[in-house]
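Q: Okay, handing you the structure first.
The values are calculated or read from the model by the stated rules, or taken from the named source; none is laboratory data. Keep in mind that this is a model prediction, so the values were computed, not measured. For neighbour counting, all protein chains shown are included, and Cβ atoms are generated from backbone atoms with ideal geometry for every residue, glycine included. We work out accessible area using only protein heavy atoms, side chains counted, and drop any ligands, DNA or RNA first. Shrake-Rupley method; radii C 1.70, N 1.55, O 1.52, S 1.80 Å.
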Amino acid sequence: MKLKMTAVLSATAIGALLLSACGSTNEASSSPSSSASGSAEASTSAEPAGSSQAADTVGGKLAILTGNVGGKTPEGNEKFAKALGDKLGMDVTLDKPASDYDQKVLTALGSGAKYDLIEVSDLAKLNTFIDQGVVTDLTDFVKQSSVLSDPSVIPSAEWDQLKGEDGKIYGVFSKFQGATMPIVRKDWLNKLNLQEPKTLDELYNVLKAFKENDPDGNGKADTYGLSTSGLYDIQGIMSAAGLKYRYVMKDGKRTIPYASDAAIPMYEWFAKLVKEGIMDPNFVTNDTAKMRNLFLADRVGMITYWDAWVGMFNSLKQQENPNTTFDAEGMASIPGPDGTILMRRGDPDFWIIPKNAPHPDAAKKFLEFWQSQDGITLGSLGVEGYDYTVDNGTYTLTDVGKQANMDHGVPYWYNSSVKSPFPPLPGVEDAMALSKQYATLEVSLSTWPDAEKIVTNYALKAMSGQMPAKDAVAQMQKELKAANLIDE
């Protein structure tokens, strides 16, 4: 059904997201569109604030622990839980902690707390939970469900992400997760008569031009070519050497390409950018908000970040100034020596049913509902009458809805039959098309968090020129092997 549209994301709404997105529960693996924990959230008490009493006469109950799904305030969370309960015909308790969500999940599973559903966004943790025997095998449920087994609702190949080593399915997606990529100022490319770079040398020349050729036209030497947030999401550039982030398994052995000798020239390439003033010197200490704000302030021509933000950047600038020339565009990674393009897809956000769930049938009813039009509408637009109104098929966001950014846990979804009543933000569809074409998951092993600390430490030292790249990689390898974090 085609629906009319009368509102888009306001500058205030996107501004709120700019402030909150870097507080996502697991930024290294979750899309910043999951912005829950940066907002004022619901109570963390044992009896959560969000609870629907609609189903007292029905007898169904459902207890949910979530980091992203629900309202953005305690009041919004209560209304969300009430609306969800009304839709499901049961009493819904929605526990949405204000902070330390990952720790709350670990505590809940370790202490035997009684939740029917828990939202998770880390595949390494899922594998750990499977090994511990605390999650329910959902294989038969998914296969027998007319909703979840429908490839137009969730593409069949996607389920491989949520399988354990035994080949069984242990989770159900809560939303569609995108990918990270280089995001470039297309208007700067056009102004300087440059083409989108396809090789590392071309990328260097573009970034150098962004630094030296006054792309913002203010007559000052105040721009950088590239900014990142530490080691965050440089996959689009490391692709030039055929290097995949995290682990790559070779003949059953754990390897880390970013810690291999093949990474040395790439770290030297970044160090050259730093030495020549082409790269934002604060990339080592940047958080993602600082990186994004530099991009929005016309100070840098390229960053590395999530596909969804292409649209957010463009929408924000267009609402600040309808005549702006600002044009952010997602870019495919630099092809490797064999032409392969490596892009990093974020770990999925998904639901698990704990083994000790008091109401597993209620949880399964929710999982099917969440993939339906009603579920997706609730998870994206929020609560009708509170976050949005509908008048003769015309959807209008309220002021509360604008602040929520049409994201109550489901900014993007799999179900191809469900269309948003609002048009896509400028540039986001092209960016996500690149993600769907090229992006792949990284290998998540339980040892990665410890390995990542070592890799990040020495990679940043090499990239910033604090340490010769060859020495940094050698020390990286030494420490990884000593801690039994790699096999070769």
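Q: Counting pairs of Cα atoms in region 58-215, how many percent are more than 21 Å apart? It would help to have the intermediate numbers written out before the result.
A: Values: 7884 of 12403 pairs.
Every Cα pair in region 58-215 considered, those over 21 Å come to 64 percent.
Q: Hand me the GluC sites (Glu not before Pro) from region 106-168 located in a DSSP loop with no more than 11 other Cβ atoms within 10 Å, in residue order please. Working shown, then result.
A: Details: sites: Glu119, Glu158, Glu165; in loops: Glu165.
Of the GluC sites (Glu not before Pro), the ones in loops of region 106-168 whose Cβ has at most 11 other Cβ atoms within 10 Å are Glu165.
Q: While we're here: Which percent of the accessible heavy-atom area of the chain goes to carbon and sulfur, probe 1.4 angstrom?
A: Working: 9640 of 19650 Å².
On the chain, the fraction of accessible area on carbon and sulfur atoms equals 49 percent.
Q: Along the charge dipole of the chain, which of Tyr267, Gln318, Thr394 sits closest to the positive end, that is, farthest toward it, with unit charges on the beta carbon of Lys, Arg, Asp and Glu (+1, +1, -1, -1)?
A: Checked the options; the winner is Tyr267.
Q: Could you give the dipole magnitude of region 242-308 about its Cα centre, charging the beta-carbon of Lys and Arg +1 and that of Asp and Glu -1, in debye to the nearest 20?
A: 260
Q: Using a probe radius of 1.4 Å on heavy atoms only, what accessible surface per residue do you get for region 238-395? Whole Å² is fine. Don't skip to the answer; put the middle values down first.
A: Numbers: 5790 Å² over 158 residues.
Averaged over the residues of region 238-395, the accessible area is 37 Å².
Q: How large is the accessible surface per residue of region 164-210, computed with a 1.4 Å probe and reported in Å² as a whole number? Please list the in-between numbers first.
A: Details: 1820 Å² over 47 residues.
Per-residue accessible area for region 164-210 comes out at 39 Å².
Q: Name the residue farthest towards the positive end of the dipole of region 58-176 from the options Gln144, Val105, Gly76, assuming +1 on Cβ of Lys and Arg, -1 on Cβ of Asp and Glu, about the Cα centre.
A: The residue sitting farthest along the positive end of the dipole is Gly76.
Q: Mind putting a number on the dipole of the chain about its Cα centre? Charges go on the C-beta only, +1 for Lys and Arg and -1 for Asp and Glu, and I need it in Debye to the nearest 20.
A: On the way: 46 positive and 62 negative charges, 85 e Å.
In debye, rounded to 20, the chain gives about 400.
Q: If packing is taken as the average count of other Cβ atoms within 10 Å, what order do 70-77, 101-108, 321-328 fall into, highest mean first? Intermediate results must be reported in sequence, preceding the final value.
A: Working: 70-77: 23.5, 101-108: 17.4, 321-328: 14.2.
Final packing ranking: 70-77, 101-108, 321-328.
Q: Rounded to the nearest 20 debye, what is the charge dipole size of region 143-194 about its Cα centre when +1 sits on each Lys and Arg Cβ and -1 on each Asp and Glu Cβ?
A: Working: 7 positive and 6 negative charges, 67 e Å.
Magnitude of the dipole: close to 320 debye.
Q: With viscosity set to 1.306 mPa s and temperature to 10 °C, compute the Stokes-Einstein D of region 361-416, Rh being the Kirkwood radius across alpha carbon pairs; µm²/s, no decimals.
A: Working: Rh = 11.8 Å.
Estimated diffusion coefficient is 134 µm²/s.
Q: Farthest toward the dipole's positive end in the chain, which of Thr377, Ile334, Gln132, given Cβ charges of +1 (Lys, Arg) and -1 (Asp, Glu) about the Cα centre?
A: It is Ile334.
Q: With angles folded into 0 to 90 degrees, how steeply does helix 200-212 sit against the dominant principal axis of the chain? Use alpha carbons for both and round to 10.
A: The angle comes out near 80 degrees.
Q: May I pose another question? Going 7 Å from the Cα of Asp450 along its beta-carbon direction, which residues of region 102-129 have the amide nitrogen within less than 18 Å of the resulting point?
A: 124-129
Q: Let me ask something else about it. How big is the chain in terms of Cα radius of gyration and Dmax, in angstroms?
A: For the chain, the Cα radius of gyration and maximum Cα-Cα distance read 22.8, 70 Å.
Q: Another question, if that's okay. For all pairs of alpha-carbon atoms in region 252-329, what percent lies in each bin of width 5 Å, listed from the first bin to the last filled one?
A: Here the calculated profile for region 252-329 is 3, 12, 18, 17, 16, 13, 10, 6, 3, 1, 1, 0.
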